[in-house]
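I have placed the structure first, in the form of structure tokens, so that the comments after it can refer back to it.
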Amino acid sequence: MRQLLPTVVDQVDPATAYAESSRGRPGGRPWVMANMVASVDGRAAVEGRTAALSGAADRAVFNLLRTLADVVLVGAATVRAERYGPVRSGARPPVAVVTRSLDLDWTSPLFAEAVQRTEVLTCTSADPGRRAAATQVADVIVAGEGQVDLSRALDELGARGRRVVLCEGGPHLLGQLVVADLLDELCFTLDPLLVGGIEPSLIVAPPIHPPQRLRLVSVIEDDGALLLRYLRAPAPA
Ligand SMILES: NC(=O)c1ccc[n+]([C@@H]2O[C@H](COP(=O)([O-])OP(=O)(O)OC[C@H]3O[C@@H](n4cnc5c(N)ncnc54)[C@H](OP(=O)(O)O)[C@@H]3O)[C@@H](O)[C@H]2O)c1
């Protein structure tokens, strides 16, 4: 991996490039970072999965970022599409799944094999029977009524001592975090592919007014893939 920014380093250790002195926020809310991959034409999946977009460098950074997280936050559609399991390396942070439908396979490894119980973030309007089933195998956190209020959900995670939340998508969940102005850091791999199709882009969200500005803090190149790291830019004075 070759770092291009902030300085050129021919063989960079990604752990150095992804180190951040200030992953912490005053008060209770955790730092929220996201990790995503997309093709050059902006698609976040190919035939409903990310595998075709993710090369060796992206996978290495995917695993590295998990070692920095206290919890991995993910939307239920991604869990279903990618057949999510528990984190199996490093400190094995728990996975927290955001869902209203609670349409999840409670017998799957994500719940049955998790070293740290998987968390289910849901809302009061969720089906009570499914909620009862979820509590058998997961820690259920209720935040919000018609849907999960992500700000409240993050407060709940903060109250449980989680200081760094890593969102691994998908685009709908990430879009809500951006719209709610809850995203602090975006790690984004631009894979050198044009894939076309109608898959979602990096975020699915209504127009953001004014657009949220990011500050590019590092760029790594590996086999044509660009691994970009952004922090939220300060609001203009
Ligand atoms: N390129 C990448 O880096 C990347 C990363 C992740 C995923 N993906 C791809 O993206 C696709 C899936 O992503 P997606 O954007 O369609 O879905 P998603 O964001 O993964 O999940 C959406 C689902 O999460 C739940 N959810 C989200 N916000 C909620 C809220 N506020 N309250 C209650 N529930 C909420 C709902 O689940 P229920 O339906 O259960 O209520 C909703 O249907 C897949 O093709 C996957 O391969 C790509």
Against the rule of thumb 2.2 N^0.38 Å, how large the Cα Rg of segment 9-62 comes out: 1.48
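Which residues make up the longest stretch of the chain clear of trypsin sites (Lys or Arg not before Pro) that lie in a DSSP loop with no more than 12 other Cβ atoms within 10 Å, not counting the sites?
That would be 89-212.
At 0.36 nm per residue, and after removing the present C-alpha to C-alpha distance, how many nm does the segment from THR135 to ARG213 gain when stretched out fully?
Here the segment from THR135 to ARG213 would lengthen by 24.1 nm.
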Amide H neighbours of ARG163 at under 5 Å, excluding residues fewer than 5 places away on the same chain, with H built from the backbone geometry, are ASP70
For the chain, share of DSSP beta bridges that run antiparallel, in % to the nearest 5: 45 percent
Using alpha carbon centroids, what distance separates segment 47-81 and segment 113-173, in Å? 18 Å
Give a residue-ordered list of calculated ³J(HN,Hα) values for segment 10-25 (Karplus: 6.51 cos²θ - 1.76 cosθ + 1.60, θ = phi - 60°; whole Hz; x for Gly, Pro). 5, 10, 9, 7, x, 4, 6, 5, 9, 6, 9, 6, 10, 7, x, 10
For segment 73-84, Karplus-derived ³J(HN,Hα) couplings (6.51, -1.76, 1.60; θ = phi - 60°; whole Hz; x for glycine and proline) come out as 9, 8, x, 5, 5, 5, 4, 5, 5, 9, 6, 4
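How big is the C-alpha Rg of the chain next to the rule-of-thumb value 2.2 N^0.38 Å, as a ratio?
Ratio of Rg to 2.2 N^0.38 Å for the chain: 1.00.
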Mean residue ellipticity at 222 nm from the helices of the chain, using -39,500 (n - 2.57) per DSSP H segment of n ≥ 4 over the full residue count, to the nearest 500 deg cm²/dmol? -6500 deg cm²/dmol
Taking the chain and dividing mean pair separation by its residue count, relative contact order in percent (alpha carbons under 8 Å, at least six apart): 29 percent
Take ARG49 and ASN63, extend 7 Å from each Cα along the Cα→Cβ direction, and tell me the distance between the two endpoints in nm. 1.9 nm
Please report the relative contact order for segment 82-203, taking Cα pairs under 8 Å with a sequence separation of at least 6, and give it as a percent rounded to a whole number. 18 percent
Taking a ≥ b ≥ c as the square roots of the Cα gyration tensor eigenvalues, with a/c under 1.5 meaning rounded and otherwise prolate when a/b beats b/c or oblate if not, segment 1-101 comes out oblate
Given springs between every Cα pair under 10 Å in a Gaussian network model of the chain, which of THR16, THR135, THR124 has the largest fluctuation? THR16
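Readers should treat all values here as calculations from the given coordinates under stated rules, not as data from a laboratory. All of these numbers come straight from a predicted model, not from anything done at the bench. Because the Cβ atoms are built from the backbone with ideal geometry, glycine has one as well, and the counts that use them run over all protein chains shown.
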